[in-house]
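Below: the structure, in structure tokens.
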Ligand SMILES: [Zn+2]
């Protein structure tokens, strides 16, 4: 009896000694836990790949101590709209993301993902990377696998096939169904067809995320359509990279946010994500009418070579330069990269038109744009969003932060600065300088809220038992540095970035650790 008691006491002491021993201990920081709750001073203890303790931890013993005084400790950020498959193979450290606190990216946006998902994720697993990686399945990719890039309705049999692919994708680990109803072939898809796939994905625990059909003059219809997909598909639905394009449409975010709030009031789970910039980025082909893109680049080239069709295309390009992505001036369209001529990176449509010996009028710039598309296409940055709309959307409690960026090869091309700066910019410009939202709310939009949307129940918050994705930053110094003119500049202010309990960034330096994992959606766990 006495011996048993001693044994029990011994085991207990051992346990309590263990419970104050950590692999990493961050002390005396402002804890911003990702839920939106007010910060408090505390310590965060990490053991293995898990957060073991949060709060004031007395008599703690740790293999590594990080002095958090003057710093904020927060959950690692989750980028719910990422094009990170571009670059993650070449840049497995994903330094642009680490240096703005991102520890998880979600790929497969805008209706586009590799298929099958199992094979895509197996490919990602081959190279150890620094951050976690998950994906959506793209509706456009599913459709093009079944009926190609044709502009027609799908037959019931074809819709059946698409539903099977969506179901398999969810079983393989997709988190969501993404649509890109602005892009070929999403733009050929009736809403009803998307709803059929949404029902499958919703039943399996996923959500819908949309690059909407239109973000300029018809943005209200697009938000209504996104809400309808959620309402009739029976699943959460997200307006991704929400913005209002084109000067005549500025201010429409008042109405779009009202639509979101009304839908939520009647029980539709609608959410938003956003990047904090007044320029967007996509292909130059986005200036062309959608009918001109049917069938892919070869068909487009044929249309551009036929004078009558070229004239009809030009009319629309001129309109888009005037009222839509061009915001009235070809200098607002700046080339990111042209595969056929790298020297065009950083030049505007006005510059290129002038270099061709023509005045940079809307008509002449339209000719330039059509020729760029014809030569193989280019990506571009479009300065056509107002700051008021950016701020209004950011203030919505239903809006998360997401980059829509990728993993650039440092120094290559002239990418949109969002890849380097999105998260740090919100913390520096919109929290510290302009006080648009409080720090705790910004961190929630970057961690707890996207985790909830993804049903990623073991990440996104600082809580014992959660996976140890943890960041430490200086709230007085955190800032984005990337600009449109000089995009290849890392954000500053992050000293420690811990992914699955391992330091991927330590004392401001990228380490040799590659602790990122492939994360699986709710139907594959
Ligand atoms: Zn998009």
Q: Indicate the gyration tensor shape class of segment 283-387 (rounded, prolate or oblate), computed on the Cα atoms with a ≥ b ≥ c the square roots of the eigenvalues: a/c under 1.5 is rounded; otherwise a/b larger than b/c is prolate and the rest oblate.
A: rounded
**Q.** Computed label-point distance, nm, for sites residue 40 and residue 305 using a 7 Å Cα→Cβ extension
**A.** 7.1
Q. Please state the Cα pair-distance histogram of segment 121-238 with 5 angstrom bins from zero: what percent is in each bin?
A. 2, 12, 22, 23, 19, 12, 6, 3, 1
Q: Calculate the all-directions average of the projected area of the chain's alpha-carbon convex hull, and give it in nm².
A: 26.4
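Percent antiparallel among DSSP beta bridges with both residues in the chain, to the nearest 5? Show your work: numbers first, answer last.
Working: 37 of 69 bridges.
Around 55 percent antiparallel, to the nearest 5.
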Q: Output the relative contact order of the chain, whole-number percent, from Cα pairs under 8 angstrom with separation of 6+ residues.
A: 21
Q | Ascending count of other beta-carbon atoms within 10 Å, so fewest first, for 469, 61 | A | 61, 469
Q | Proportion of all alpha-carbon pairs of segment 378-446 beyond 15 Å (%) | A | 58
Q. Taking only Cα atoms, what is the 0 to 90° angle, nearest 10, from helix 156-172's long axis to the longest principal axis of the chain?
A. 30
Q.
Let me make sure I get this right: for segment 159-199, a, b and c are the square roots of the gyration tensor eigenvalues over alpha carbons, sorted descending. Under 1.5 in a/c it's rounded, otherwise prolate if a/b > b/c, else oblate. Which is it?
A. prolate
Q: Starting from 0 in steps of 10 Å, tell me what percent of the Cα-Cα pairs of segment 364-405 lands in each bin.
A: 21, 34, 21, 22, 3
Q.
Taking the number of other C-beta atoms within 10 Å as the exposure measure, put 133, 340 in order starting with the fewest.
A. 340, 133
Q: Stick to the Cα atoms of segment 448-493, pair each with every other, and give me the Kirkwood hydrodynamic radius in Å at one decimal.
A: 13.0
**Q.** Between 0 and 90°, nearest 10: helix 362-374 axis offset from the chain longest Cα axis
**A.** 70
Q.
Counting only helical runs of four or more DSSP H residues, what would the 222 nm mean residue ellipticity of the chain come to if each run contributes -39,500 (n - 2.57) and the total is spread over all its residues?
A. -10000 deg cm²/dmol
(Q) Just want the ordering: 282, 237, from fewest to most Cβ atoms lying within 10 Å of their own Cβ. (A) 282, 237
**Q.** Nearest-ten-degree value, helix 117-126 long axis tilted from longest Cα axis of the chain
**A.** 60
Q | D_trans [Stokes-Einstein, Kirkwood Rh over alpha-carbon pairs] for segment 379-503, 4 °C, 1.567 mPa s, µm² s⁻¹ | A | 82
Q.
Please state the shape class of segment 257-322: rounded when a/c is under 1.5, otherwise prolate if a/b exceeds b/c and oblate if not, all from the C-alpha gyration tensor.
A. prolate
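Every number in this text was worked out from the coordinates using simple rules, so none of it is lab data. Keep in mind it's a predicted model, so treat the numbers as computed, not measured. We place every Cβ from the backbone using ideal geometry, glycine too, and count neighbours over all the protein chains shown.
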